[in-house]
Amino acid sequence: MTGEITTNDRPAGGTNTRPTIAIPGGALRPVRGADQAAIADLLRDPDVRRFMCDDRIVPDKMISAMLRNDALDAQRGLGFWMIEFPAGQGVGLAGMRPLRGAGGNAPYVTGVIEPVIALCPRLWGSGLAATALGALIGHMRDYLKLDRLVAVADRPNVRSHALLRRLGFASAGTTSGLAHELLIHVLDLEGTRE
Ligand SMILES: CC(C)(COP(=O)(O)OP(=O)(O)OC[C@H]1O[C@@H](n2cnc3c(N)ncnc32)[C@H](O)[C@@H]1OP(=O)(O)O)[C@@H](O)C(=O)NCCC(=O)NCCS
């Protein structure tokens, strides 16, 4: 079942670990240090880096910093999961992290949690990104009890806007970014919790 938690590593009385989450045909598996090279390859792909990294080749030291931040975010149950499809084969990255960077400068979005996703381009257009991010959003809503997510994406990143709209995000204005204007999308999770 999509979003089903397949490990039993939730500590009693706490939500500070990240479970593996099943998706049809694969899984979302929390990142670990050994994923560094695979993450570098993904983020340096020309089609992925275009909007995800302002078209820059992310240096190794930034990926190391990202993994150090991830270890901190993991203490809150946040951070990055590898998208495995099929299970065991990493084909992308999906994450939930405290909004940082250009979008985080807008006062009304500071401190909120931002979804992030990158899928290897051969799988774009298959619906896997929507399945993976949808499962992670469900986990944030039902397991971490988050009330709201805020996503920012470069205006020309049309695939990203379409994905967010498909997942129920609503447009919430714009803010300036490093390379492009950023469109802000908001998802109210509290209103959708049963
Ligand atoms: C953003 C990104 C993840 C979107 O991927 P995507 O494959 O377009 O997203 P979806 O999973 O929603 O797939 C949508 C497409 O799959 C199709 N599709 C097929 N089966 C589907 C299904 N069962 N469910 C949903 N969509 C399906 C849709 O019709 C749509 O087709 P289209 O592209 O021809 O319009 C991808 O473009 C990416 O990795 N970009 C680089 C990184 C990036 O910029 N990330 C955003 C900033 S954080």
Quick one: net charge of E181's neighbours, Cβ under 14 Å, K/R +1, D/E -1?
-1
For D54 and R193 in the same chain, what is the full-extension length gain: residue separation times 0.36 nm, less their Cα-Cα distance, in nm?
46.6 nm
For the range 21-192, what does the alpha-carbon gyration tensor say about shape, rounded, prolate or oblate, given a ≥ b ≥ c as the root eigenvalues, a/c under 1.5 as rounded, and a/b over b/c as prolate?
rounded
Highest mean first, what order results for 77-83, 169-175, 60-66 on Cβ atoms within 10 Å?
77-83, 169-175, 60-66
For the range 53-68 and the range 119-194, write down the distance between their C-alpha centroids in whole Å.
22
For the chain, list the DSSP H helices whose alpha carbon atoms reach 18 Å or more along the long axis and whose average Kyte-Doolittle value is 0.0 or above?
128-142
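Where a number appears in this text, it was derived from the coordinates with a stated rule and is not lab data. Worth saying up front: this structure is predicted, and the values here are computed from it rather than measured. Note that we place each Cβ from the backbone using ideal geometry, even for glycine, and neighbour counts take in every protein chain shown.
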